[in-house]
Protein chains: 2
Amino acid sequence: MDVLPSWRAGPTRTAVLEFLAAARDVPVEQRVAYFDNDGTLWCERPSYVQWDFLVDQLRQRATEDPSIAQQPEFAAVLEARREAIASIGLARIAVALAGLFTGLTPEEFAGRVRGWMATAVHASGRPVRSLGYRPMRELIELLRADGFTVGIVTGGGAEFLRAISGELYGVPPDRVVGTSVGYRLTGGDRGTVVLRRTARIVGDANEGAAKVTNAQTQLGRRPILAAGNSAGDAELLRWATAAPGPGLALLLDHDDAEREYAYEGRAETFTAAEAVGDTAARLGWTRISMARDWATVFDTDTDTDTDTDTGTSGR
Amino acid sequence: MDVLPSWRAGPTRTAVLEFLAAARDVPVEQRVAYFDNDGTLWCERPSYVQWDFLVDQLRQRATEDPSIAQQPEFAAVLEARREAIASIGLARIAVALAGLFTGLTPEEFAGRVRGWMATAVHASGRPVRSLGYRPMRELIELLRADGFTVGIVTGGGAEFLRAISGELYGVPPDRVVGTSVGYRLTGGDRGTVVLRRTARIVGDANEGAAKVTNAQTQLGRRPILAAGNSAGDAELLRWATAAPGPGLALLLDHDDAEREYAYEGRAETFTAAEAVGDTAARLGWTRISMARDWATVFDTDTDTDTDTDTGTSGR
């Protein structure tokens, strides 16, 4: 197989390749694909990578200024008190943590993210920068080779992901849509200006319907392929298949306890009564089974399959 | 001259080429250039092209439904009463006109723009789609060939320009930032969704400091080249030269009554007391004199100069 080598032969890989073949008849300016990030392009367990970054930055700050540990949101995080975190709410804590960077320029913030990413190690023991899923990177590269514009629509912070999206996925900052902080423009020396982060979140957190409205507002085009893994991606996936013509919605099912995770409570990802596969079937989406469809999971791993299926479904 | 053939040899063209040479030492991900649109990439006189489109759409709507002419904003436009328009204010009228498209999908709106553009004729007698400045298109192409990411940051409607930015300038929709309408996501048939325009403008009109904060929020990178022609572009231009390293701010001076316009009241573009050239000199910007620096103005025109300067300042 010369394309998608980390995808095992089978109905999922075939569905992707059939979509790509059909998309060749779509005008190139309509070949647009959007991916969710956490849990779709890279591992999101046991905690979001951005969360790990924020906690690291909070610990550093608390070393310099112990008084900030008195703020309830920060105290709960620093003492890793799960109940306090749950009672305050992750959303409020995330906003408080984002406020740690108030006053930084975008370039200073990006520098902090990149500096942390260069050496941070995930709970799994992998370098954080190696948490990307190789099959998804292959898919992105194949889409791009076929003239697709590839964007990422994440519930996480836009500027966090933009700092690393080029290195991780070859996606430039202007094709990343996420939850956004506000900026303040101040006068600088000699007629120049300085842009600084505020503590304010602009608009809604980028989840659910906001993923669609924010993607339209910022990227200006409807996708014909969308990939996600949770209820927060449902509207994005529905959008990709909403118009006539080729459309593909990919739903990644974390069912691989051996190589990544088999999500406990998977059936609750969409509704309490429905498994991921049933949701996909009902809505005409293509379920990706991590356990069944991927020969390799992580970007830096070697193939786990013997390559016995050459030619059976290559293009 | 094999590059920028529509630019006459002289200090302006030399400044552009020297910047491009210096930018080759800038990491490619920092090679970012943003252009204003109206009056910078195409003609904005005697009226904005988007205004002409809106008036055309209003007239069509008033034919179908004469009662809308009773709304004061629309009556003033339909009867072309300058004093009434001035008294209501262009901003309020623009919002009312944007409301004409409430309920359309983004694709339907783009279709209307493209349909109008295909045949619309400018007050000058040129087709509207030929109002682009050829020297600027050459500059965009040269920047792109040198690895630059080129975006447009317009005070006009984002979705209006996105419908035509690819054809006019080769700039895709996701690299256009403008004044944005809100969207509403509604459920469609069979689990799909439909995105529809609202009458609401999201955030601030994209002028002045908002050009900088919106460009950072949506495109995620600071430019090292910015081009504009009016006070609404001042912050954008200052941003491009705010950091160490190569930076170029281009200010187009409409001083060409013969081929385009010599703006009456040019001195008031920035401050009442200062000519455009003085503003540029004070802030370290490069003034482009349309009359002096451009051999050809419009994209579809033939050269007006005899090509006698071959080799004097080519690369």
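FYI, it's all coordinate maths here, none of it is from the lab. Please read all numbers here as calculations on a predicted model, not as lab measurements. Please note: Cβ atoms are built from the backbone with ideal geometry, for glycine as well, and neighbour counts cover all protein chains shown.
Computed about the Cα centre, the dipole magnitude for the protein assembly as shown is approximately 740 debye when only Lys and Arg (+1) and Asp and Glu (-1) carry charge, each at its Cβ. One residue of chain B places its C-beta nearer than any other to the axis carrying B onto A; that residue and its whole-Å distance are B:Q218, 2. Sorted ascending by nearby beta carbons within 10 Å, beginning with the fewest, B:R282, B:R221 become B:R282, B:R221. Label-point distances for B:G103 to the equivalent site in the other copies, using a point 7 angstrom along Cα→C-beta, read 5.2 nm when ranked shortest first.
Near the amide H of A:L252, within less than 5 Å, lie the amide hydrogens of A:G228, A:N229, A:I288, all on another chain or at least 5 residues away, with H placed in the peptide plane.
Using a Gaussian network model of chain A in which every pair of alpha carbons under 10 angstrom is joined by a spring, one finds that among A:R81, A:R13, A:R144 the greatest mean-square fluctuation is at A:R81. Remark: the stretch A:199-290 carries a charge dipole of roughly 580 debye about the Cα centre, counting +1 on each Lys and Arg Cβ and -1 on each Asp and Glu Cβ. Build a GNM of chain A with springs between Cα atoms under 10 Å apart, and of A:A231, A:A210, A:A243 the one that fluctuates most is A:A243. Remark on A:W7: its backbone amide H falls under 5 Å from those of A:A295, a criterion applied only to residues 5 or more positions apart or on other chains, H modelled at 1.01 Å from N. Of the beta bridges in chain B, as assigned by DSSP with both residues counted there, near 40 percent are antiparallel. This ranking places B:T217, A:T63 by how few other beta-carbon atoms lie within 10 Å of each, fewest first, which gives A:T63, B:T217. Springs between alpha-carbon pairs under 10 angstrom, Gaussian network model over chain B: which of B:V26, B:V128, B:V181 fluctuates most? Comparing B:V26, B:V128, B:V181 in a Gaussian network model of chain B, the most mobile one is B:V26. All C-alpha pair distances within chain B, sorted into 10 Å bins from zero, spread as 6, 25, 34, 23, 10, 3, 0 percent across the bins.
For B:D25 and B:T186 in the same chain, what is the full-extension length gain: residue separation times 0.36 nm, less their Cα-Cα distance, in nm?
53.1 nm
Across the identical copies, the label point of A:A118 (7 Å from Cα in the Cβ direction) is separated from its matches by 5.4 nm, in order from shortest.
Between copies, the label points at B:D278 (set 7 angstrom from Cα along Cα-to-Cβ) are spaced 7.6 nm, reported in nanometres from shortest to longest. In the protein assembly as shown, the ratio of gyration radius to Kirkwood radius, Rg to Rh, stands at 0.99 when only Cα atoms are counted. The helix-only estimate of mean residue ellipticity at 222 nm for chain B, built from DSSP H runs of length n ≥ 4 each weighted as -39500 (n - 2.57), is -11000 deg cm²/dmol after division by the residue total.
Counting only DSSP beta bridges with both residues in the protein assembly as shown, tell me the antiparallel percent, nearest 5.
40
Charging the Cβ of each Asp and Glu at -1 and of each Lys and Arg at +1, and nothing else, the dipole of the stretch A:11-293 about its Cα centre rounds to 600 debye.
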